[in-house]
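The structure appears right after this line, and notes come after that.
The values are calculated or read from the model by the stated rules, or taken from the named source; none is laboratory data. These numbers come from a predicted model, not from an experiment. Positions of Cβ are generated from backbone atoms using ideal geometry, with glycine treated the same way; all protein chains shown enter the neighbour counts.
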Amino acid sequence: MRQRLLFLALALALALALALALALGTFTLHAQSPAMLAANEGIWEGYDGERRYVSRLLVSMAEAIPADKYAWRPAPGVRSISEVLMHVAQSNFYLLSVTGPKMPHELERKDVEKTIVSKPEVVAYLRRSLEAVKTARAQLKPSDLQRKVKIAGETVNVDGMYLRIICHDNEHMGQLIAYARMNGIVPPWSAGVVLTK
């Protein structure tokens with residue numbers, strides 16, 4: 001009985017402390033800078049919002065990294081910055097092509113990551129791939145998302161392919177943040193730069 005009373009008293013004290021903290025405003029989320037608010041635009045807004053979010057971050061990171069760092073790689077045999085960005089662009093087009101739109105002929109080669117390496121070309125292909133995904137997705141009807149397609153011996157639906165694109169882009173966004181930080185480059189949104197929508 002004594003333990004139960006002690007537990008109830010502790011629970012009541014905790015509830016009162018939480019209520020007081022909320023009343024005084026001490027239990028609020030920290031204020032975000034305009035740069036962070038702009039960078040975070042799209043989060044929690046479904047597929048289109050998340051696509052806008054990762055697209056904005058990828059392009060801003062690609063533009064923020066100096067051209068002379070595009071050949072940098074963390075270790076031998078690991079993709080360089082330009083190779084990561086071209087991998088994202090080529091993969092966006094490839095995964096999209098599984099759903100119907102044609103892949104650009106020049107990106108069908110296996111050596112694209114090693115041959116398209118200049119910052120202007122890489123950023124242009126990245127932008128082009130992100131725009132292609134946006135345009136193709138906008139043209140789909142809800143029923144189109146359930147259409148079955150084949151990839152790597154599996155049958156999946158179109159919606160799953162678009163989800164894979166966004167997951168893959170986010171995976172390499174994290175890689176690029178690490179690469180940038182290793183080179184002393186602060187991601188633009190962390191440096192207070194307000195990203196355009």
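Just one of (1) in contact (Cβ under 8 Å) with a residue 12 or more places away in the chain; (2) surrounded by 17 or more Cβ atoms within 10 Å (Cβ to Cβ); (3) within 30 Å of Asp144 (Cβ to Cβ) fails for Ser97. It is (1). Among what's in region 42-76 and is among the basic types (Lys, Arg) and at pLDDT 95 or above, pick the residue that is farthest from Ser118 (Cα to Cα). Per the stated criteria, the residue is Arg73.
From the residues in region 127-149 that are under 23 Å from Ser80 (Cβ atoms) and of a type in the set (Lys, Arg), which one is surrounded by the most Cβ atoms within 10 Å (Cβ to Cβ)? Filtering region 127-149 for residues that are under 23 Å from Ser80 (Cβ atoms) and of a type in the set (Lys, Arg), the one surrounded by the most Cβ atoms within 10 Å (Cβ to Cβ) comes out as Arg127.
If you go through region 48-72 and keep only what is small (Gly, Ala, Ser) and under 23 Å from Asp159 (Cβ atoms), you end up with Gly49, Ser55. Would you check if Thr115 is of a type in the set (S, T, N, Q), over 28 Å from Arg181 (Cα atoms) and modelled with pLDDT of 95 or more? Here the answer is no, as Thr115 does not meet what is asked. Can you confirm whether region 106-126 contains a residue that is surrounded by fewer than 17 Cβ atoms within 10 Å (Cβ to Cβ), without any contact (Cβ under 8 Å) to a residue 60 or more places away in the chain and more than 30 Å from Asp68 (Cβ to Cβ)? Within region 106-126 (the criterion being surrounded by fewer than 17 Cβ atoms within 10 Å (Cβ to Cβ), without any contact (Cβ under 8 Å) to a residue 60 or more places away in the chain and more than 30 Å from Asp68 (Cβ to Cβ)), the answer is no, since none of the residues qualifies.
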